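Taking it in order: structure first as structure tokens, then the write-up.
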Amino acid sequence: MKITWIGISELLLAAYAGASAPAIASDGSFVPGLYRDQTGHSIYAAIDIEDEGPVINYLDPRTRRFGIVTVPGKWHLLKRVNEKRLTVEAPEGRLGVSLYYADTRKRPAIVLIHGNEDQTRDMGFLIPLFVLNGVNVISYDQRGNGESVGSWKEDGPVERAVDVAAIYDAFATNPLVDEKRIGLWAFSNGGWTAPIVALRRPTAFMILVGAPAETIADNICFEDRQRMQHDGFGEGAIADAVEAGRALMEATAGTGSWERAEKLYDAAVSQKWFADSGLPPNLKFPLPQERIDISRRRAIYDPAPTLERVTTPTLALFGALDRSVDSSHAAATFREDFAKAGMRDFTLRVYESAGHSLVMSKTGFEDQPTLPLRYAPGYPQIMIEWLRQRNFLTPR
């Protein structure tokens, strides 16, 4: 699936088909499911929406290789996933949502929470991976995409948690969903949202991938620093960019002055590093109140008070070379805060030689993966094994 920087700066009937079943449905759409590819490997595959449009996103669980194709080769459908599409009315308006399932038995369900990107409910191989291992999937269109109204660019973790809670409520009485075993999966920026939902609804479990544990402002500064290092800027330029960005966020939060923010911003505009800094272009001071309000929702959030109260069984996965989230800080903070909350079931894995999306890499930068593309050893199978060990894959 598409990976982007997560800060405001850049603001996926266990019905069996015969071995010769076609990969493409009669209406021309691609059927999510388990396939046998031309090499004889079993692969999970489903639609994902990339910049160039719909593509097929797949995972070979044996080799951990993954990728996208626009037209499948000689693939044969082995097990299919069914989809029920509907809309959910949330406080901020309509959300397009789908329930993915394999049979008519009541099963646990997992809500897939987006990162900071313009993504639809089409989450690639994640959908058949979970469904065909016994957990139904609930996936939604990010606001402003698909059938969801509004704009994800104007919301922060709290507003997004309201959306996810509304989706949770809509499916709690669904005959295919075990209302006592609804869990959350969250990637990147969604890691701020999931714990909020876990406090507001009786969440059975939580899986966090590349989730931040520091304030949004601190995370944005971390991201800006990593990006500018990647692009070859020196420490002096990076320090100036981070100082200007932090001053802007402090003024937005009401803890700093607009005069200082404007002075540092005006000085930054003429610098060679400005376009790479993450500072918004063409700002005119004073900022309109509407823009301040949006920026506060998106950039002013501290997860600590929430994390210190979460007791939901949690699996947290990080890449040691993450350039979008300070993974060493996040791992330590989750361990400490969840201990304060009294959580009794917390599993943490940090993968060496892997970046933000747990793809193998020598540097951790998303544009510098190790080829051929592979996930870190043990991922994503660790999610299935963790759920199995806790009996979430067993129908009641």
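The values are calculated or read from the model by the stated rules, or taken from the named source; none is laboratory data. From a predicted model like this one, the values you see are computed outputs, not experimental measurements. Here Cβ is always computed from backbone atoms with ideal geometry, including for glycine, and neighbour counts include all displayed protein chains.
May I ask you to say which residue of Phe285, Phe222 is in contact with a helix residue (DSSP H, G or I) (Cβ under 6 Å, 6 or more places away or on another chain) and not basic (Lys, Arg)?
Residue meeting the stated conditions: Phe285.
Suppose we filter the range 296-335 for residues that are within 19 Å of Ile196 (Cβ to Cβ) and either surrounded by fewer than 16 Cβ atoms within 10 Å (Cβ to Cβ) or not aliphatic (A, V, I, L, M) (or both); how many remain?
17
Could you tell me which of the residues Asp122, Asp163, Asp141 is of a type in the set (Asp, Glu), in contact with a strand residue (DSSP E or B) (Cβ under 9 Å, 6 or more places away or on another chain) and more than 25 Å from Ile216 (Cα to Cα)?
Numbers: Asp163 fails: more than 25 Å from Ile216 (Cα to Cα); Asp141 fails: more than 25 Å from Ile216 (Cα to Cα).
Selected residue: Asp122, the only one of Asp122, Asp163, Asp141 that is of a type in the set (Asp, Glu), in contact with a strand residue (DSSP E or B) (Cβ under 9 Å, 6 or more places away or on another chain) and more than 25 Å from Ile216 (Cα to Cα).
Hey, among Ala90, Ala45, Ala109, which residue is closer than 28 Å to Leu358 by Cα, surrounded by 14 or more Cβ atoms within 10 Å (Cβ to Cβ) and in the same structural domain as Asp178 (by TED's automatic domain parsing)?
Within the list Ala90, Ala45, Ala109, the selection yields Ala109.
Conditions (1) in contact with a Ser or Thr (Cβ under 8 Å, 6 or more places away or on another chain); (2) surrounded by fewer than 24 Cβ atoms within 10 Å (Cβ to Cβ); (3) of a type in the set (A, V, I, L, M, F, W, C), marked per residue:
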{"position": "Ile127", "(1), (2), (3)": "yes, no, yes"}
{"position": "Val135", "(1), (2), (3)": "no, no, yes"}
{"position": "Arg143", "(1), (2), (3)": "yes, no, no"}
{"position": "Asp169", "(1), (2), (3)": "no, yes, no"}
{"position": "Asp178", "(1), (2), (3)": "no, yes, no"}
{"position": "Ala186", "(1), (2), (3)": "yes, no, yes"}
